[in-house]
Structures are given as structure tokens and as C-alpha cells.
1. Work out how much length HIS81 to SER147 would gain on full extension: take 0.36 nm times their residue separation and subtract the Cα-Cα distance, in nm to one decimal.
2. If you roll a 1.4 angstrom probe over the protein chains with everything in place, what fraction of the accessible area of region 55-115 belongs to carbon and sulfur, to the nearest %?
3. Counting only other residues whose beta carbon sits under 14 Å from that of ARG161, what net charge do I get with K and R as +1, D and E as -1?
4. For the pair ASP176 and ARG104, how long in nm is the line joining their label points, each one 7 Å along Cα→Cβ?
5. By average Cβ neighbour count within 10 Å, what is the ranking of 80-87, 64-71 from highest down?
6. Taking the Cα atoms only, what angle lies between the long axis of helix 96-145 and the longest principal axis of the chain, rounded to 10 degrees?
7. Taking the Cα atoms of region 112-189, what is the range of coordinates along each of the three principal axes, in descending order and whole Å?
8. How much mean residue ellipticity at 222 nm does the chain get from its helices, if each DSSP H run of length 4 or more adds -39500 (n - 2.57) and you divide by all residues, to the nearest 500 deg cm²/dmol?
Amino acid sequence: RGSPRIRGPGRALLGFERNKLLGQVGHYLFHRHGLDGSGPLEECPIYQAVRAGRHFFGEERFTRADGSILTVEVSSTALYHNGALTGSVTAFRDITQRKADEERLRQAIADANAANEAKSAFVANMSHEIRTPMNGIIGLTTLTLDSELDATQRQYLELVRQSADSLMTILNDILDFSKMEAGRMVLEA
């Protein structure tokens, strides 16, 4: 519980003047562990690790002198002299930007997954909606081919039916692909 000696980049990062640090416990000055920032020192994981003689490594939130919050990666090791705990050495680095970048990446992945699901649903719906009139075209063409036609009419209608069958095959493949993408494909033995 002695005076913290924060030097160089650490003190600059937190923005405290040297005289503000003297005689202060870092936990109460800038660490403020707990959801509301008022957790007692005894519940602080860094304090607990040091008191138990263990090394601490993890992410914590520190408060700068101006009141702004920064996320830091902390490494703290207990110091002993003649077998007695005399203090600790704690190093930390600002990872606020990295955490913000990670959150943006998580959000971008979630957005991409949502867009992909929307695309798959759209393709499945459109394939289904297009198949209905295609079935009508194929059915009516087949019925018409069963009637009396001259050779030219029969040739044209055969081309219509072949084209419709080809288009239906493409639509079925698209529908199957969108089902596979959505994880809704069911295979039968």
C-alpha cells in the first residue's frame, strides 16, 4: 500500500502529475475495479494476485486524470525482500484502440453474416416464386404439344419446352445452393 512510482510513459498515459501520485494507492486513484468503479481494494484481481505471490496478467480499465477511461493490458509481479512481500512491479499498455478495432471487426462480421443470410433468403424466395410460373409454362406447353399442330408450331413449342426445362433446372440448382448455404439442405439415403 505504499506510494506508487509511475514513471515515463505510464504516468504520461494516465495524465497524473507526480505530486498527485505520491502517497496514493493506485487502485483508488486510477484503477477503480468493479462495474461502478468503486470496488474495494481487497476484491481487485491485481491486488489478490500480488498478495498471493502470483503473477497477474489480464485486461483492466484505468481512469485517466481527466476522467476518461482507457482499457489496458496489465502485467503485475510481486516483489519480495528477505522472503517478505514488499510491493509489486506493474506494467501496462493502452489497448483501447485494439479493443475498439476488435469490436468493429466483430460488428463487421455480424453485418456480413446478416447480409449473407438476407441474400440467401432472397435467392430462395425468388427461386421459389419464379418456379411457379415456369411450371405453368412447362405444363401449358406440354398440353399444347398434345394438340394438333403443324410442324413449325410443334418445333417452336418444343424449343419453348426445352428452354423452360433448362431454366427450371437452373432455378432448382439455385434453390438447392441457397438451401445448402442456409444449412437447410436435407440429404436422403
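The values are calculated or read from the model by the stated rules, or taken from the named source; none is laboratory data. Because the structure is predicted, anything quoted here is derived from the model rather than measured. Glycine gets a Cβ as well: all are built from the backbone with ideal geometry, and neighbour counts include every protein chain shown. In case anyone asks, the SASA skips ligands and DNA or RNA and just uses the protein heavy atoms, side chains included. Shrake-Rupley method; radii C 1.70, N 1.55, O 1.52, S 1.80 Å.
1. On the way: separation 66, 0.36 × 66 = 23.76 nm, distance 10.56 nm.
The span from HIS81 to SER147 would gain 13.2 nm if fully extended.
2. Values: 2190 of 3940 Å².
About 55 percent, which is the carbon plus sulfur part of the accessible surface.
3. Charge balance near ARG161 sits at -2.
4. Inter-label distance under the simple model: 4.3 nm.
5. Result, highest mean Cβ count within 10 Å first: 64-71, 80-87.
6. Result, in degrees: 10.
7. Between the extreme Cα coordinates on each principal axis of region 112-189 lie 55, 31, 14 Å.
8. When only DSSP H runs of four or more count, the value is -18000 deg cm²/dmol.
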